[in-house]
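Accompanying notes for the structure given below.
The values are calculated or read from the model by the stated rules, or taken from the named source; none is laboratory data. All figures in this text were calculated on a predicted structure; none of them were measured in a lab. Cβ coordinates were reconstructed from backbone atoms using ideal geometry, including for glycine residues, and neighbour counts include every protein chain displayed. SASA here: full protein model, heavy atoms, side chains in, ligands and nucleic acids out. Shrake-Rupley method; radii C 1.70, N 1.55, O 1.52, S 1.80 Å.
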Amino acid sequence: MSKVKFSIRNKSCFSINILIKKGVTVAKPRFYKDRLEFFVRLKEQYLCQKILEEYNIEYKVLSKRGAFVFMQRNLNRAGLIVGFVAAVIMLFVYSNCIFNLNIEGLEEVDKEIVLETAYEHIKPPSVFKKVDIKKLEEDIIKIEGIANAAVEKGGTTINITILEELPLPNIEDIKDELKDITSKYDSVITRITVTGGTPLVKKGQAVKKGQKLIGAYIYSDENTTVYTKAGGQVYGKVWLTKSKTIYPQKLVYVRTGKIYSEYNIPFFNWINKKKKVPFSHYETKTEKVVLGGGMKFEAEKITYFETVPKKIDIDVLKEAEVEIIELFDRLEEEMDEDMKRVRKWFDIKRLDKSVKIDIYYEVEMLIGEQ
Amino acid sequence: MSIYNNLVFNTNMPLKDSIGGVRVMLVDFSGILVEGHKGLFRYSPNAIIIQLKNARLILEGENLDIAHINSDEIYIKGDIKLITREDK
């Protein structure tokens, strides 16, 4: 609203009262020592002046404010008007331009696919082209992997916010996993850890091979059983054993002194094909030799020594000592690294014609796991 | 008081339905609108006296400022502390 600021010499309320009585609206009157200043509407300026003149009140018009006054004052300034019009036109044109396409929220879907779809509707930079935002949204949602899209125009940019579809969850089929955990060995339980299901054994309990250790179910209340995946680890003491019988007589093969030799010459192997070794039991020795006088070549010489079986008496106890060490070494080799060695011992039984050795190894190991 | 306004009071009708006379509306003690005044009697930033038909309305406060005034209403802004009536 345009206003005119007046200043009058008379500083009493009388001036205001006569103005308002004649229908003038006075705004923001300020009383100073020697003057009174106030505002009236532009359309009431001449009425105000007429009233003040009528009552012989000395007045001054200090200033005029407002858009209409500004326009009146600058109507003859062509440059300003042209500039203003140009600015309005520029603003209008600029607001109808699209310079950018901003896509957000893409992780899995290829950005190029979304851009291609968007370019079907608008390809920046473009001027005075109407974009059907709803249709663009619908087309973007049709792209595989996109759950929702929001398109909005902000200034000269088209902002596309995309919500991608969530990846399909990995459905785990646990139907085959509803199995109880059973013992792999005859054992005595030392430790039990349960991550799922119901434990069926306690520490110190002796179990047989194949016995259930952890059941694949839980009790939700007294009468309801819920099947679940059994999980956990059960450790127990296991005794590994090996045995061997040693007889007082041992069968050994001794050489008779008869020898048979043959040569494997390169490119002449077919010569030896039909030859047979003339001994039923024999030992062999293979060596490489050089044959020929002038023209030397390498050949393989195989020597067969005839042997015959012979029974010899042995010291059973000495042999047993050796066998015990050997059996323990063999057992150690067969044991896994994660088996905890507890203790080991052996047992010798003297029979009528032989000696029987039994060795034992007590280990703590995993007997059931899932 | 006019007959109509007397009827408004006696029949417990809303006060906004009253016609003529003086009507004062105070907003948060920061602004006051006085309708039906008869002119400004005295003005200072601490006190404004408004002429009514048969009385004067005295507004006391701090930084009192007349936002606008016309033949019907006067709107005053400022920290209003006291409103009193002075009969002629």
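Observations
- Highest GNM mean-square fluctuation among A:T286, A:T225, A:T156, for chain A modelled with Cα contacts below 10 Å: A:T286.
- Accessible area per residue in Å² at 1.4 Å probe, computed on chain A: 69 Å²
- Per-peptide packing, taken as the mean over residues of other Cβ atoms within 10 Å, places B:40-52, A:356-368 in the sequence A:356-368, B:40-52 from highest down.
- Each Lys or Arg adds one and each Asp or Glu subtracts one; over the other residues with Cβ under 10 Å from the Cβ of A:T190, this totals +3.
- Pairwise Cα distances in the stretch A:3-72 exceed 20 Å in 20 percent of cases.
- Evaluating kT/(6 pi eta Rh) at 20 °C and 1.002 mPa s, with the Kirkwood radius of the stretch B:22-87 over Cα pairs in the Stokes-Einstein relation, gives 189 µm² s⁻¹.
- Computed with a 1.4 angstrom probe on protein heavy atoms, the B-A interface buries about 1000 square angstrom of accessible area in total.
- Our coupling estimate for the stretch A:331-342, obtained by passing each phi through the Karplus curve with A = 6.51, B = -1.76, C = 1.60 and θ = phi - 60°, is 5, 4, 5, 6, 7, 6, 5, 7, 7, 8, 6, 9 Hz, Gly and Pro reported as x.
- Computed over the stretch A:314-369, the range of Cα coordinates on each principal axis works out to 46, 18, 15 Å, biggest value leading.
- Inter-part distance, the stretch A:175-249 to the stretch A:113-139, computed on C-alpha centroids, equals 66 Å.
- Distance between the 7 Å Cα→Cβ label points at B:M25 and A:L351: 12.2 nm.
- Net charge of Cβ neighbours under 12 Å - reference B:A55; Lys, Arg +1; Asp, Glu -1: +3
- The smallest convex shape that holds all Cα atoms of chain A, its convex hull, gives 629 Å³ per residue.
- Dipole size of the protein assembly as shown about its Cα centre, with +1 on Lys/Arg Cβ and -1 on Asp/Glu Cβ: approximately 1800 debye, rounded to the nearest 20.
- Calculated FRET value between A:K244 and A:K310, using beta carbons and R₀ = 25 Å, to 0.05: 0.65
- Using heavy atoms of the protein chains and a probe of 1.4 Å, the accessible area assigned to B:F9 is about 100 Å².
- Translational diffusion coefficient of the stretch A:1-151 (Stokes-Einstein, Kirkwood radius from Cα pairs, 25 °C, 0.890 mPa s): 116 µm²/s.
- Averaged over the residues of B:36-42, the number of partner chain Cβ atoms lying within 10 Å of the residue Cβ comes to 4.
- Top positive-direction residue, dipole computed over the protein assembly as shown with Cβ charges, set A:V114, A:L200, A:Y219: A:V114
- Interface residues of the stretch A:29-43, defined as a loss of at least 40 Å² in heavy-atom accessible area between the chain alone and the complex of all protein chains with a 1.4 Å probe, are A:P29, A:F31.
- Span per principal axis, largest first, for the Cα atoms of the stretch A:116-228 (Å): 88, 31, 23
- Accessible surface of the protein assembly as shown [probe 1.4 Å, protein heavy atoms]: carbon and sulfur percent: 53 percent
- Neighbouring partner chain Cβ atoms per residue of A:15-22, average, 10 Å criterion: 4
- Along each principal axis, taking the top coordinate minus the bottom one, the Cα set of the stretch A:97-164 gives 32, 19, 17 Å in descending order.
- Debye intensity ratio I(q)/I(0), log10, the stretch A:175-233, q values 0.13, 0.22, 0.28 Å⁻¹ (C-alpha model): -0.33, -0.83, -1.12
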